[in-house]
There are 2 protein chains.
Amino acid sequence: MPVGTQATVKAMAPWELEEIGYQIILGNTYHLSVRPGMEVIRKFGGLHRFESWNRAILTDSGGYQVFSLAKLRKMSSEGVWFQSHVDGTKMFMGPKESMAIQRELGSDIAMAFDECPPCPCTEAYEAAAVGRTLAWAKVCTGEPRAPGQLRFGIVQGGTFSAQREKCAKGLLAMNGAWDGYAIGGVSVGEPDELILPGVELSVKWLPREKPRYLMGVGQWWQMCEAVARGVDMFDCVMPTRLARHGMVFTKAGRFNARAAARRMDEGPLEEGCQCPACRRFSRGYVRHLLSVGEILGARLTATHNLWAYRDFTERMKASIREGRFAEFRRETAKVYGPEAGRPMNGGYGA
Amino acid sequence: MPVGTQATVKAMAPWELEEIGYQIILGNTYHLSVRPGMEVIRKFGGLHRFESWNRAILTDSGGYQVFSLAKLRKMSSEGVWFQSHVDGTKMFMGPKESMAIQRELGSDIAMAFDECPPCPCTEAYEAAAVGRTLAWAKVCTGEPRAPGQLRFGIVQGGTFSAQREKCAKGLLAMNGAWDGYAIGGVSVGEPDELILPGVELSVKWLPREKPRYLMGVGQWWQMCEAVARGVDMFDCVMPTRLARHGMVFTKAGRFNARAAARRMDEGPLEEGCQCPACRRFSRGYVRHLLSVGEILGARLTATHNLWAYRDFTERMKASIREGRFAEFRRETAKVYGPEAGRPMNGGYGA
């Protein structure tokens, strides 16, 4: 899922996402409730109509941003008092508020309101956060939803096996309240070697017949490793955010399109790519646009990266259908994995 | 002509300009020679291929930017030593250099290298500038051109009748060296009431059978008044530059799409408009995008404004063909002219 934080996938128009083939994008409950605000969303009859996107939308719960972006004022069992990161407005969000906002946004998938502690974190704090996450999840299951809206629970627990287990089992005990399960609290500052164990500690409790969604992870080799462990869904800002810094994803690895070495390069961003950017423009031209700060530069790299991500997941699915996933996984690791000298957490390597 | 200063019309992709129907865009010789630089343009075989624009391109001479943007070092009869506004690189440009760059850019219309003094300016200085402009124009006529490239002379002379006459007659004396004539030095700081006289003082010397191009003027009512005086061509950054500030052009006047009053507005930017922005999005959504600084906001207002400008010139042409130009001119003045309280020089009125 491309990320449309503020009711737009950065630099893209919705028809471009449709052309690439995306069926679902993400919207951020916290950001949207701050700007444009729910009064506007209500007036427009929901997020789909407001941003003119007729395909599916998943909204996060707002919990992650409230805890990471806003200035916290006070936490209670009902939720969190905080100040908006934009203008300091005092706001309150808890499970009831989050579900109400997501209902009004009219997303196709709503996420439970959770607490996602950053790493490092003591097990005692993580246990308390899991306790709140479960209590809030319970409240979420009692709230009304938009017509047809699905609801996903979120497994927290950080790097602690016992907490992951407690959280997953707690969600499962809520009698089929969840249409899918997300794995949160991964790639939140923990050492690289604890990222995949965090996934494993969560997945093993989750039913095979429901979608499993790994939140915020988008490195190709990590996606492969997560799929190997049973994950079905991802969202990540990487293809669009790194695009604005000139980073371009290709089957052969990624490169910085702003580098002076691209100055005279007449080839497309990726040889053989059929995306709208590669069909018409050269690396030399994209390099020029990025280096003088022209909007079209960010548009073209974002377009290519989203095309490359879609192509990557389609190729991964095909490899599974055709019994070639093990090979696909090895190849991806060879090009994008840590042994290829790639940073694990979205660093801007050349 | 939309302006593609740095090898792109800001915020737009070339296929969007094609869809709107533009047949010609402008490129800036000075900016392009600084970045990406002529080594890159040469490698790509010219500007059309570099920026992937297969329709016509007019390049300015670079004179205006050398005199207004760069730090001047020394002027001689051969041209100007200056320092690049980007990194201070010492460069030289005169008529030979300008024509050589435009030849390598491969534009369809090249402009003579001129000096365009800002207003206020004494008649003595203006006379000296006209002298240099004519001497440089003469040099330009002796330089080789790209295959099929047209060449336009530029009438300078500011607000001084005698200087305009001297410059126009000097160009005409160059024995049919020019495929068209431009009027420069208009809207360069002179009082509003001297803008149209500057046009009149120039047009009256220019042959009817050659295109007359008024440089840098793009207010709708001014375009109407200039057409009434015999002008055929225009370029202006207004539709794209004002778009980035949220200013939107409609048949009924212009408005600021960022204004809080648009927050809940479900209508399109312009009622009845068939542009890609109006076909799909609301004022409320565009207002949100602009107010949070999303790239799509600038894209949509630029798209609409370029559509509106194209529509405006097509309607003006139809009114001439159908003998309704006087009425069209009155209506345009009523909505966009000074009597409608509109600023004459691109101010950001609401």
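The values are calculated or read from the model by the stated rules, or taken from the named source; none is laboratory data. As the structure is a computational prediction, the values presented were derived from the model and not from experiment. Every residue, glycine among them, receives a Cβ derived from its backbone with ideal geometry; neighbour counts consider all protein chains shown. Note: accessible area is taken over every heavy atom of the protein model, side chains too, but ligands, DNA and RNA are not part of it. Shrake-Rupley method; radii C 1.70, N 1.55, O 1.52, S 1.80 Å.
Structure values in brief
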read-out: Inter-chain shielding of A:289-295 (mean C-beta neighbours from other protein chains, 10 Å cut-off); value: 5
read-out: Choice from A:79, A:88, A:170 with maximal GNM fluctuation in chain A (Cα, 10 Å cutoff); value: A:88
read-out: Carbon and sulfur %, accessible surface of the range A:253-332 computed with the full protein complex present, 1.4 Å; value: 47 percent
read-out: For the pair A and B, total buried accessible area rounded to nearest 100 Å², probe 1.4 Å; value: 3900 Å²
read-out: Length-normalised contact order for chain A - Cα pairs under 8 Å, 6+ apart - percent; value: 13 percent
read-out: Across the identical copies, how the residue B:204 labels are spaced - nm, sorted shortest first, 7 Å along Cα→Cβ; value: 9.4
read-out: Accessible surface of the range B:117-190 [probe 1.4 Å, protein heavy atoms]: carbon and sulfur percent; value: 60 percent
read-out: Relative contact order for the range B:258-341, counting Cα pairs under 8 Å that sit 6 or more residues apart, in percent; value: 21 percent
read-out: Semi-axis lengths (Å, descending) of the ellipsoid that matches the C-alpha gyration tensor of the range B:163-217; value: 21, 11, 9
read-out: Calculated FRET efficiency for the pair residue B:56/residue A:145, C-beta based, R₀ 60 Å, to 0.05; value: 0.60
read-out: 7 Å along Cα→Cβ, label-point gaps from residue B:144 to other copies, nm, shortest first; value: 7.9
read-out: Accessible surface, per residue, of chain A when the full set of protein chains is kept, probe 1.4 Å, Å²; value: 38 Å²
read-out: Rounded to whole Hz, the Karplus (6.51, -1.76, 1.60) HN-Hα couplings of the range B:25-36, x for glycine and proline; value: 10, 9, x, 9, 3, 4, 4, 5, 6, 7, 9, x
read-out: Nearby lysines by direct alpha-carbon distance to residue B:90 (threshold 16 angstrom, same-chain neighbours under 8 apart not counted); value: B:71, B:74
read-out: For chain B, built as a Gaussian network whose Cα springs stay under 10 Å, the top-fluctuating residue of B:74, B:210, B:138; value: B:74
read-out: ³J(HN,Hα) computed for each position of the range B:177-183 - Karplus, 6.51 cos²θ - 1.76 cosθ + 1.60, integer Hz, glycine/proline x; value: 6, 10, 7, x, 10, 10, 10
read-out: Nearest-first distances (nm) between copies at residue B:21, label 7 Å from Cα via Cβ; value: 3.6
read-out: Student exercise, the protein assembly as shown dipole from Lys, Arg, Asp, Glu Cβ charges, in Debye to nearest 20; value: 20 debye
read-out: Estimated D of the range A:44-99 in µm² per second, where Rh is the Kirkwood radius over Cα pairs and Stokes-Einstein applies at 37 °C, 0.692 mPa s; value: 259 µm²/s
read-out: Reciprocal mean inverse distance between Cα atoms of the range B:241-314 - Kirkwood radius, Å; value: 11.7 Å
read-out: Sequence-distant residues sharing a close amide H with residue A:245 (under 5 Å, placed H); value: none
read-out: Amide H within-cut-off set for residue B:180, under 5 Å, with H built and near neighbours excluded; value: B:151, B:153
read-out: Among A:301, A:122, A:141: highest mean-square fluctuation, GNM of chain A, C-alpha pairs under 10 Å; value: A:122
read-out: Leading residue at positive end of dipole, the range A:123-262 (Cβ point charges), from A:156, A:261, A:228; value: A:261
read-out: Relative contact order %, the range B:192-316, counting alpha carbon pairs below 8 Å whose residues are six or more apart; value: 21 percent
read-out: As computed over the range B:199-325, the Cα convex hull volume per residue (Å³); value: 109 Å³
read-out: Residue B:228 versus residue A:266: modelled label distance in nm, points set 7 Å from Cα along the beta carbon direction; value: 5.2 nm
read-out: Of the DSSP H helices in chain B, those whose Cα atoms cover at least 20 Å axially and whose Kyte score averages -1.0 or more; value: B:123-141, B:295-321
read-out: Spin-label pair residue B:68/residue B:108, simplified geometry with 7 Å Cα→Cβ offset, distance in nm; value: 2.4 nm
read-out: Eligible lysines near residue A:210 by straight Cα distance, threshold 22 Å, same-chain separation 8 or greater; value: A:138, A:166, A:169, A:317
read-out: Per-pair calculated FRET efficiency, R0 = 41 Å: residue A:330 and residue A:127 via Cβ, rounded to 0.05; value: 0.60
read-out: Identity and axial distance of the chain B residue whose Cβ lies nearest the axis relating B to A, Å; value: B:295, 3
read-out: Interface residues in the range A:1-46 - accessible area drops by 40 Å² or more relative to the isolated chain, probe 1.4 Å; value: A:6, A:8, A:11, A:15, A:35, A:39, A:40, A:43, A:44
read-out: Cα Rg, Dmax, the protein assembly as shown, angstrom units; value: 29.7, 93
read-out: Kirkwood-type radius of the range A:1-136, with distances r between different C-alpha atoms, in Å; value: 15.6 Å
